[in-house]
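Peer 1: Sharing a structure, written as structure tokens. Questions coming.
The values are calculated or read from the model by the stated rules, or taken from the named source; none is laboratory data. This structure is a prediction, so every number in the text was calculated from the model and none was measured. Cβ placement follows ideal geometry from the backbone for every residue including glycine, while neighbour counts extend to all protein chains displayed.
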């Protein structure tokens with residue numbers, strides 16, 4: 001991995017429209033800040049190497065290196081990346097959580113991990129008048145403050161940096177694919193710091209196809225009324241093609257065609273739908289509104305997930321292969337589109353300019369031509 005500095009981040013990521021607003025560079029030094037979902041750089045920095053570049057999910061991401069480190073194998077053309085097994089899951093009665101949007105799997109996992117001491121804190125994202133805001137919790141009772149779906153960009157990894165800066169060293173992090181990739185970069189100790197220990201005790205990734213720029217999304221919400229009264233945001237699975245919004249006393253339906261106009265260009269370069277570098281990835285089970293799909297990726301994730309099931313915090317069911325196929329197809333389609341666009345812009349394996357991804361040419365070609373089967 002070729003680590004560079006903030007000059008390269010500004011030119012290659014911020015000014016070029018590649019920034020996802022994940023917050024990985026914020027709270028590392030005073031030069032970066034986040035405002036309404038956008039990352040800005042206040043002053044120039046002369047450091048030739050910095051954590052801002054080393055942790056960024058849009059700069060020199062070596063997929064083989066990260067995959068080998070976390071899964072013991074190189075990055076493959078699989079739609080889901082590396083994983084152990086896939087479950088249908090939902091929160092169990094013992095979890096005692098409520099207010100979740102679909103099945104509550106993430107809330108139940110975080111609550112279990114906190115109560116059992118697997119993590120000492122958790123970095124979640126809550127809604128503040130339409131904006132996603134990271135916050136750190138230590139109390140399992142605070143999990144429900146982050147329940148529900150958000151569709152705007154959030155600098156969640158800033159919360160991870162804040163937790164580390166405060167001395168926490170058994171952190172549970174919940175984030176979207178780009179945020180989870182930034183956390184994976186951090187966990188890999190890219191600057192080879194002596195005495196480094198992985199501060200992340202559990203990484204949970206959320207399925208994601210896109211997120212809206214927070215300012216645009218909030219403007220859309222405000223056009224419908226008082227956004228402080230929004231109770232629920234949801235995009236039902238196909239054949240529905242709209243976003244449903246519930247406020248204190250009204251409901252709205254917005255066609256997805258209107259929503260898609262607000263999707264930032266940075267999302268079109270993303271190749272990861274299922275948060276491939278998490279310990280556990282969780283998302284919507286199409287056609288099953290009261291269940292999630294959970295992809296177990298690491299032994300750490302498997303152990304915590306199974307213990308949560310045995311303790312009654314989670315309930316699981318066998319998931320048929322035909323139920324996985326639509327997700328695999330959608331995930332592979334996102335890979336092909338994202339990697340294809342990166343390759344077309346010479347942002348993969350570039351030796352002369354900015355590079356977002358480094359990966360084997362043969363793996364890239366396999367994905368672009370069709371990829372591997374899911375299971």
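Peer 1: Can you pull out every residue in segment 262-311 that is on the phi > 0 side of the Ramachandran plot and surrounded by fewer than 24 Cβ atoms within 10 Å (Cβ to Cβ)?
Peer 2: 287, the sole residue that qualifies.
Peer 1: Is it the case that residue 333 is modelled with pLDDT of 95 or more and either more than 22 Å from the chain's Cα centre (by Cα) or surrounded by 21 or more Cβ atoms within 10 Å (Cβ to Cβ) (or both)?
Peer 2: no
Peer 1: Something else now. If you go through segment 349-364 one residue at a time, do you hit one that is assigned to a helix (DSSP H, G or I) and exposed (fewer than 15 other Cβ atoms within 10 Å of the Cβ)?
Peer 2: yes
Peer 1: Which of the residues belonging to segment 139-161 are out of contact with any strand residue (DSSP E or B) (no Cβ under 6 Å at 6 or more places or on another chain) and not in a loop (DSSP other than H, G, I, E, B)?
Peer 2: Within segment 139-161, 140, 141, 142, 143, 144, 157, 161 meet the criteria.
Peer 1: Looking at (1) assigned to a loop (DSSP other than H, G, I, E, B); (2) within 22 Å of the chain's Cα centre (by Cα); (3) without any contact (Cβ under 8 Å) to a residue 12 or more places away in the chain, can you tell me which one residue 277 breaks?
Peer 2: Among (1) assigned to a loop (DSSP other than H, G, I, E, B); (2) within 22 Å of the chain's Cα centre (by Cα); (3) without any contact (Cβ under 8 Å) to a residue 12 or more places away in the chain, residue 277 violates only (3).
Peer 1: Okay, moving on. What about residue 141, is it over 19 Å from the mean Cα position of the chain (by Cα) and at positive phi?
Peer 2: no
Peer 1: Here are 278, 266: which of them is in contact with a helix residue (DSSP H, G or I) (Cβ under 6 Å, 6 or more places away or on another chain) and under 29 Å from residue 58 (Cβ atoms)?
Peer 2: 278
Peer 1: Output the number of the condition that residue 36 fails; it satisfies all remaining conditions of (1) within 18 Å of residue 20 (Cβ to Cβ); (2) surrounded by 19 or more Cβ atoms within 10 Å (Cβ to Cβ); (3) touching a helix residue (DSSP H, G or I) at 6+ places or on another chain (Cβ under 7 Å).
Peer 2: Checking residue 36 against (1) within 18 Å of residue 20 (Cβ to Cβ); (2) surrounded by 19 or more Cβ atoms within 10 Å (Cβ to Cβ); (3) touching a helix residue (DSSP H, G or I) at 6+ places or on another chain (Cβ under 7 Å), the one that fails is (2).
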